[in-house]
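Following: one structure in structure tokens, then a few remarks.
None of the figures in this text is laboratory data; all of them are computed from the coordinates on show. All values derive from a computational prediction rather than experimental measurement. FYI the Cβ positions are ideal-geometry reconstructions off the backbone, even for glycines, and counts take in every protein chain you see.
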Amino acid sequence: MSSFKQIALIGSTASGKTALAIEYAKKNSANILSLDSLAIYKEIDIVSAKPTIEERDGVKHFGIDCIYPYENFDVTTFIKLYHNAREVSMEEKKGLVIVGGTSFYLKSLIDGISPMPTISKESFKKSGELLQDIKKAHNLLYKKDKIYMEKIETTDRYRIEKMLNLYFETGLTATEYFRNNPPKPTIIEPLPIYEISVERDILRERIKKRTQKMIEDGLIDEIAYLEKRYTKAPNCMKAIGIREVIDFFDGIYSKDEMREKIIINTARLAKRQRTFNSSQFKDKISLPLDELQRELG
């Protein structure tokens, strides 16, 4: 058990994480666990920038193509994926590379989450009735637990429903429940964290090139297919790269405006990712891509 080796690779979107993770995994006999909120979906391929089968080059990947766009997931999904990836990797006597831009999931694996109760049919029914008016449902929770509910938007149906279920099942507000049920870390072994640092101007240029390549590879056709099959309703249909194309379909943007909006919104996402990684992972090793390649060997 002590011989199991795992590392985490983080960085802004378009920083080169995917290619570096595959390169490292091949050299060091490792599998890969993707922590990406879009690559986890089947049929969302181009806009998620998930590696193709050819690009994976024989490296086993976990966390890719796991669920359909109409299915919801949360951090507990990635906890289960981690346990599976770790177990399989140990059986194969391989290491594990945890990689992705959604660093919140990595933070949750390290710090842990509170165990959630099983929700009864009765609680689901009560929540469903209240959710007929989502603002009213949010307001009910807000009155009981202002501190916690200030962090949840009045339009965030998924999280409001979770908090309603929790309240009806336990009789406790979210603040009370999480105080009584502190989080338990999932990753308890050493986990070196490496970050690809990229200068802002260089990253912006990479984002431009990646956006253009997505469009050339069939981004618009992919989103047309997804909207026709799944509608605009699923949470994933609001992701960057999807919502701008849908706005193009709706006549809000021209094709050039759509492309520029994707670039701008992706750059803003990259900034948020940098800020999160800087504040949440204090002991990481942060280097430019070429230096990190040499560091990892």
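Legend: calculated FRET efficiency, GLU153 to LYS60, from the Cβ-Cβ distance at R0 = 51 Å, rounded to 0.05, equals 0.85. Sorting 134-145, 50-61 by average packing, meaning the other beta carbons within 10 Å per residue, from highest down gives 134-145, 50-61.
Each listed q (0.07 Å⁻¹) maps to a log10 I(q)/I(0) for the chain from the Debye sum over equal C-alpha point scatterers, namely -0.30. Dipole of the chain computed with +1 at Lys/Arg Cβ and -1 at Asp/Glu Cβ about the Cα centre; of LEU172, ILE134, GLY63, farthest Cα towards the positive end is LEU172. When only Cα pairs below 8 angstrom with a gap of at least 6 residues are kept, the stretch 121-180 shows a relative contact order of 36 percent. Using C-alpha pairs under 8 Å with a sequence gap of at least 6, the mean separation divided by the residue count of the chain gives a relative contact order of 27 percent. Descending by average beta-carbon neighbour count within 10 Å, the peptides 287-294, 269-276 line up as 269-276, 287-294, the highest first.
Where both bridge residues fall in the chain, DSSP classifies roughly 5% of the beta bridges as antiparallel.
Counting only Cα atoms, the stretch 121-180 measures 29, 24, 17 Å along its principal axes, largest extent leading. Subtracting the Cα-Cα distance of ASN235 and GLU189 from their residue separation scaled by 0.36 nm leaves 13.2 nm. Straight-line cross-link reach from LYS282 at under 26 Å between alpha-carbon atoms covers these lysines, not counting any fewer than eight positions away in the same chain: LYS5, LYS17, LYS80, LYS107, LYS151, LYS184, LYS271. Based on the reciprocal of the average 1/r between different C-alpha atoms, the Kirkwood radius for the stretch 206-257 equals 11.4 Å. Distance from the C-alpha centroid of the stretch 55-133 to that of the stretch 139-206: 14 Å, rounded to the whole angstrom.
Listed by chain and number, the aspartates and glutamates placed with their C-alpha closer than 17 angstrom to that of LYS162 are GLU71, ASP74, GLU122, GLU129, ASP133, ASP145, GLU150, GLU153, GLU176; residues fewer than eight positions away on the same chain are left out. Within the stretch 1-43, list the residues whose amide N lies under 16 Å from a label point set 7 Å along Cα→Cβ of SER278. Only 11-13 pass the distance filter.
Residues of the stretch 68-106 falling in the label zone of GLU43, defined by backbone nitrogen less than 20 Å from a point 7 Å along Cα to beta-carbon, are 68-74. With Cα atoms as the point set, the stretch 238-297 shows a radius of gyration and Dmax of 16.8, 49 Å. Loop-located chymotrypsin sites (Phe, Trp or Tyr not before Pro) in the stretch 231-263 (DSSP state other than H, G, I, E, B) with a sparse environment of at most 10 neighbouring Cβ atoms within 10 Å are absent. Phi angles across the stretch 199-208 convert, under the Karplus curve 6.51 cos²θ - 1.76 cosθ + 1.60 with θ = phi - 60°, into 3J(HN,Hα) values of 4, 4, 5, 5, 5, 4, 5, 5, 5, 4 Hz, Gly and Pro given as x. Model label sites at LYS144 and ARG179, defined 7 Å from Cα along the beta-carbon direction, differ in position by 1.5 nm. Calculated mean residue ellipticity at 222 nm for the chain: -16500 deg cm²/dmol, from DSSP H runs with n ≥ 4 weighted as -39500 (n - 2.57), summed, divided by the residue count and rounded to 500. Residue ranges 118-128, 79-89, 9-19 sort as 9-19, 79-89, 118-128 when ordered by packing (mean number of other C-beta atoms within 10 Å per residue, highest first).
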